[in-house]
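Have a look at the structure below before the remarks.
The values are calculated or read from the model by the stated rules, or taken from the named source; none is laboratory data. None of these values were measured; they are calculated from a predicted model. In this analysis, Cβ positions are derived from the backbone assuming ideal geometry, glycine residues included, and neighbour counts consider all displayed protein chains.
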Amino acid sequence: MSISLTTFSTANQTILITRMTEHDLLEVVEIEETSGLSRWGWSAYYAELQGKNSHLMLVARIDSPVQTRRSKLAGYIVARMGADELHINNVAVREDYRRRGIGRGLLDRILEEGERSGATAAFLELRAGNKAALALYEECGFRATSRRKHYYSDPVEDALVMTIDLRGNA
């Protein structure tokens, strides 16, 4: 399965959404560490890239008009397919690039790929106190369906489980 390049513009910049590669992992981990996500680390992302769900690992890259060796990553998303469900594991956008539509672009793209892969629903967990993420997910059509007590550590916090029905969404 191949993910086509998705391009959109935001704040006078062009954002490219492409498949994550091993070369992106240092920046992915850097974004993870500064975003308050549960730590996966380089080796977990690398192992995921070797698996059958690697097509569900995307990055949002700032397309720079200046010829650089590699464009800077603005964010990423990682998901897995299980039966007919898409589980979104991690979504993060670099702080300097938040509130520019990049998280929405990543979510829209991964939901499209989930539908193409046969998912009838998608779900994710988020920290109950993460109001910005909650607003984004609700804007994208997710609804809170349950709460997992003390799901996160460091700091300990409940998780909200959110789902979206993908049947008929095109």
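Restricting H87, H150 to residues that are touching a residue at least 24 places away in the same chain (Cβ under 8 Å) and not basic (K, R) narrows the list to H87. Contact annotation: residue pairs with Cβ atoms under 9 Å, 6 or more positions apart or on different chains, pairing a residue in the stretch 19-46 that is free of Cβ contacts under 8 Å to residues at least 40 places away in the same chain with a partner that is among the β-branched types (V, I, T), are T21/V59; R39/V29; G41/V29; W42/V28; W42/V29; Y45/V28; Y45/V29; Y45/V78.
Reported count of residues in the stretch 146-164, each being more than 17 Å from N89 (Cβ to Cβ) and hydroxyl-bearing (S, T, Y), is 1. Residues in the stretch 126-162 that are among the basic types (K, R), touching an Asp or Glu at 6+ places or on another chain (Cβ under 8 Å) and at pLDDT below 95: 1 in all. Against the criterion of being at pLDDT below 95 and closer than 22 Å to A47 by Cβ, S64 does not qualify. Residue pairs, Cβ under 6 Å, 6 or more apart or interchain, first in the stretch 110-132 and more than 15 Å from L86 (Cβ to Cβ), second at pLDDT below 95 and among the small types (G, A, S). List them. Here the result reads L126/A133, each pair linking the stretch 110-132 to a residue that is at pLDDT below 95 and among the small types (G, A, S).
Please go through the stretch 131-141 and pick out each residue that is out of contact with any helix residue (DSSP H, G or I) (no Cβ under 9 Å at 6 or more places or on another chain) and either buried (at least 17 other Cβ atoms within 10 Å of the Cβ) or basic (K, R) (or both). If the condition is that a residue be out of contact with any helix residue (DSSP H, G or I) (no Cβ under 9 Å at 6 or more places or on another chain) and either buried (at least 17 other Cβ atoms within 10 Å of the Cβ) or basic (K, R) (or both), then K131, L134 are the ones that fit. Take V161 and decide whether it is in contact (Cβ under 8 Å) with a residue 24 or more places away in the chain and not basic (K, R). So V161 passes the test.
Yes or no, residue by residue, for (1) at pLDDT 95 or above; (2) farther than 23 Å from V161 by Cβ:
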{"site": "T7", "(1), (2)": "no, yes"}
{"site": "S38", "(1), (2)": "no, no"}
{"site": "G51", "(1), (2)": "no, yes"}
{"site": "M57", "(1), (2)": "yes, no"}
{"site": "D96", "(1), (2)": "no, yes"}
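When L111, L107, L86, L134 are screened for being touching a Cys at 6+ places or on another chain (Cβ under 8 Å) and more than 19 Å from V28 (Cα to Cα), only L111 passes.
Per-residue answers, yes or no, for (1) closer than 15 Å to G103 by Cβ; (2) of a type in the set (F, W, Y):
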| position | (1), (2) |
| --- | --- |
| L126 | yes, no |
| L134 | yes, no |
| E139 | yes, no |
| F142 | yes, yes |
| V156 | no, no |
| D165 | no, no |
